[in-house]
1. Counting only residues that are out of contact with any strand residue (DSSP E or B) (no Cβ under 8 Å at 6 or more places or on another chain) and touching a residue at least 60 places away in the same chain (Cβ under 8 Å), which one in the range 75-102 is surrounded by the fewest Cβ atoms within 10 Å (Cβ to Cβ)?
2. Exactly one condition in (1) within 25 Å of GLU59 (Cβ to Cβ); (2) in contact (Cβ under 8 Å) with a residue 24 or more places away in the chain is not met by PRO116; state its number.
3. Within the range 57-74, which residues are surrounded by fewer than 21 Cβ atoms within 10 Å (Cβ to Cβ) and either closer than 23 Å to ALA154 by Cβ or not charged (D, E, K, R) (or both)?
4. Can you give me the number of residues within the range 110-128 that are out of contact with any Ser or Thr (no Cβ under 9 Å at 6 or more places or on another chain) and under 18 Å from ARG33 (Cα atoms)?
5. Pairs please, first residue from the range 29-49 and at pLDDT 95 or above, second anywhere and hydroxyl-bearing (Ser, Thr, Tyr), Cβ atoms under 6 Å, 6+ apart in sequence or on different chains.
6. Would it be correct to say that GLY106 is surrounded by 19 or more Cβ atoms within 10 Å (Cβ to Cβ), more than 15 Å from the chain's Cα centre (by Cα), under 26 Å from PHE37 (Cβ atoms) and touching a residue at least 40 places away in the same chain (Cβ under 8 Å)?
Amino acid sequence: MFPKDGYIKFRIDHQETGTICSDEDISELLQFRTEIFDRGWIGVLPDGVGFGNLSMRVENHFIITGNATGQHRTPNSSHFAKVLRYDAKFNICTSEGPRKPSSESGTHAVIYDILPDINVILHIHNTAIWKKIIETGFSTAENIEYGTPEMAEAVKDLVQQPEVIKAGVFAMKGHEDGVVFFGTSIEKLKASISVF
């Protein structure tokens, strides 16, 4: 079952700081994260490994739920990290904040880089949705693991396809139950997931 180990696979250059924003600054994002948690799409497995993450573009970087925060139903700004840079070639993530960023930060970084209009990304786990998206053909290959340079490269290729951009969703075939939604706003993202 997902994930194979549940831990960060990229090399990380993280500067531990205080919170990177206020709860008020990201109140809509926090509320959305709670809604997704209540659906069971973000959470923690019985063995304690968390799953799912949420990010938002802020100027020339993005904030993302921190590693090992899946258990929190009502997160706050202290549960987020700011990703300043991601180098897919060397699989290095540069970040700051009170927590290290999610293990899927590379995937988020690639989408933000390729699609400048995208402002919110949601990575969930749901078997039914995962299977449905795989049937559309909008998925990465089965032999590609999450959090790797190979996944970042596969996502880069995938999100340049007009059909995938229009759908705003793809599945990670090699990351069981893993689905990524992306949109220009939280409202657009809510509309995309409302059909599931």
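The values are calculated or read from the model by the stated rules, or taken from the named source; none is laboratory data. Since the structure is predicted, the reported quantities are computational estimates derived from the model, not experimental observations. Here Cβ is always computed from backbone atoms with ideal geometry, including for glycine, and neighbour counts include all displayed protein chains.
1. My answer is LYS89.
2. Evaluating PRO116 over (1) within 25 Å of GLU59 (Cβ to Cβ); (2) in contact (Cβ under 8 Å) with a residue 24 or more places away in the chain leaves (2) as the failure.
3. Start the filter on the range 57-74 by keeping residues that are surrounded by fewer than 21 Cβ atoms within 10 Å (Cβ to Cβ), which leaves 57-61, 68, 71-74.
ARG57, VAL58, ASN60, HIS61, ALA68, GLN71, HIS72, THR74, listed by residue number.
4. The qualifying residues number 3.
5. That search, which allows pairs on different chains as well, returns THR34/THR74.
6. Numbers: surrounded by 19 or more Cβ atoms within 10 Å (Cβ to Cβ): yes; more than 15 Å from the chain's Cα centre (by Cα): no; under 26 Å from PHE37 (Cβ atoms): yes; touching a residue at least 40 places away in the same chain (Cβ under 8 Å): yes.
Taking the combined requirement at face value, the residue does not satisfy it.
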